[in-house]
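What follows is a single structure, written as structure tokens, with notes after it.
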Amino acid sequence: MIIISRLRFVALALLILVGVPSSGRAQGPCADQTLPAVSTGREPFTKLAVLTLSGCLGGPQDNAAVNTDVRAILRTTPIDPAPFKRKVTTALARVSTHLADAVQAQPQPAGALEDAARQVGLAAVLLDSGVSPAVPAAWTLDAGRVPALSTPLQPDLDAACATGASAACRSQFELTKELLRVSGVTKSILDYYVRPIIKQHQAATAIRYAQWDEYFGTARSQYPWELFLNGALMKDSRPEEDGVRLGFRDVPKSQVILLHPYVAFEYAEDEPEGNRFAGVVLVDAIGYNRWSWKPDGSMGFALGASAILVMGDHANMDDVGWGAMLHVNHKWSVGMTFLGDTKTVVVSGDVAQLWTSVSAARKKKAMTGQ
């Protein structure tokens, strides 16, 4: 029986999609929206499902007045915040008016239409109060029902048509068709509403991703203990839904430098001629580096400072000393050290970037907190 039912569905779909002569192609699969001649079991709902998937009920192929009116409203320009919101509320009001007329014309109890009217009205109220209404997917036909509606569509129609094309079957068929049309129109309105929001989120996510890429690739190199410390200091202001944080975490504007070893060139005027320039080992004992972000997600100017230890092989000075370092734009550092009573100047580049890297797992942990 399942195989036969599926074959009927495929045959009906093919008939609707390709069975219209070329002279009638303007209407295409939407030409026949009446109850099938053989109307038992799932066949009536199958036809409505195919019409919905073909855009004939609340979709781009639907010529019903409520659908054409709504699409005309949404086509008007320009799109900026105030007129944009007004167009969406006007379109929802048109659907509410259509439903009110349908309730008045319904010969039987119109509970399903009233439910749809309440849900459309709720969407308008939420939108007017600045709260996003239900997502468009809630108005999409799924597994025989529309999630935004409390009325089960397919079970009611299947039951009404179980014994054939009776008056009850025809009435339920028209009611279900109307609910699917209203659902399709409402979905198109909410699709229109969320489109710029989605684009904004996509743009913000692209910028946030670029910032994280800059953080790991351009900021001063970090050793594992620095990554751990800076990760622990990161703030997380993301919205939470059902215990899950949404999107990427805020990208830091600064980093703590801790026990960070590297090499530098030292100039010591008190050393003998020929030994005044030499390589030394530096350790940033503790430091702080801060930068700004540009609108495109790239890093702006960065400046940092740290207290350092210096170690080298000297003839006329102590081999170990201390000092301070200034870090400019992540890559270059210049500072002064004190080796006993002698001062030296040290210059370095962040060559540690050449051999330090951050694993994909650690990047994910920093970006998402998971």
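The values are calculated or read from the model by the stated rules, or taken from the named source; none is laboratory data. Keep in mind the model is a prediction, meaning the values are calculated, not measured. As a convention, Cβ positions derive from the backbone with ideal geometry for all residues, glycine included, and neighbour counts pool all protein chains shown.
Things worth noting here:
- A single member of D341, D313 is under 13 Å from L282 (Cα atoms), surrounded by fewer than 13 Cβ atoms within 10 Å (Cβ to Cβ) and without any contact (Cβ under 8 Å) to a residue 40 or more places away in the chain, and it is D313.
- Filter pass, V70 being touching a Ser or Thr at 6+ places or on another chain (Cβ under 9 Å) and at pLDDT 85 or above: yes
- For segment 344-357, residues that are at pLDDT 75 or above, buried (at least 16 other Cβ atoms within 10 Å of the Cβ) and closer than 24 Å to V251 by Cα total 1.
- Qualifying residue in segment 256-278 (condition: within 25 Å of K364 (Cβ to Cβ) and either surrounded by fewer than 16 Cβ atoms within 10 Å (Cβ to Cβ) or of a type in the set (V, I, T) (or both)): yes
- L259 vs. criteria at positive phi and without any contact (Cβ under 8 Å) to a residue 40 or more places away in the chain: yes
- Which listed residue is acidic (D, E) and in contact (Cβ under 8 Å) with a residue 12 or more places away in the chain, from D101, D191: D191
- Residue within segment 116-131 that is surrounded by 14 or more Cβ atoms within 10 Å (Cβ to Cβ), more than 26 Å from the chain's Cα centre (by Cα) and under 16 Å from L57 (Cβ atoms) present: yes
Listed here are the residues, each with its yes/no results for (1) outside any strand (DSSP E or B); (2) farther than 22 Å from P224 by Cα.
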residue: G274; (1), (2): yes, yes
residue: I308; (1), (2): no, no
residue: V334; (1), (2): no, yes
residue: T337; (1), (2): no, yes
residue: V345; (1), (2): no, yes
residue: S348; (1), (2): no, no
residue: V358; (1), (2): yes, no
residue: A366; (1), (2): yes, no
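- V194 surrounded by fewer than 22 Cβ atoms within 10 Å (Cβ to Cβ) and out of contact with any helix residue (DSSP H, G or I) (no Cβ under 6 Å at 6 or more places or on another chain): yes
- Every pair of residues 6+ apart whose Cβ atoms lie under 8 Å, when the first sits in segment 147-161 and is touching a residue at least 60 places away in the same chain (Cβ under 8 Å) and more than 19 Å from E114 (Cβ to Cβ) while the second is part of a loop (DSSP other than H, G, I, E, B) and charged (D, E, K, R): Q154/R42; D158/R42
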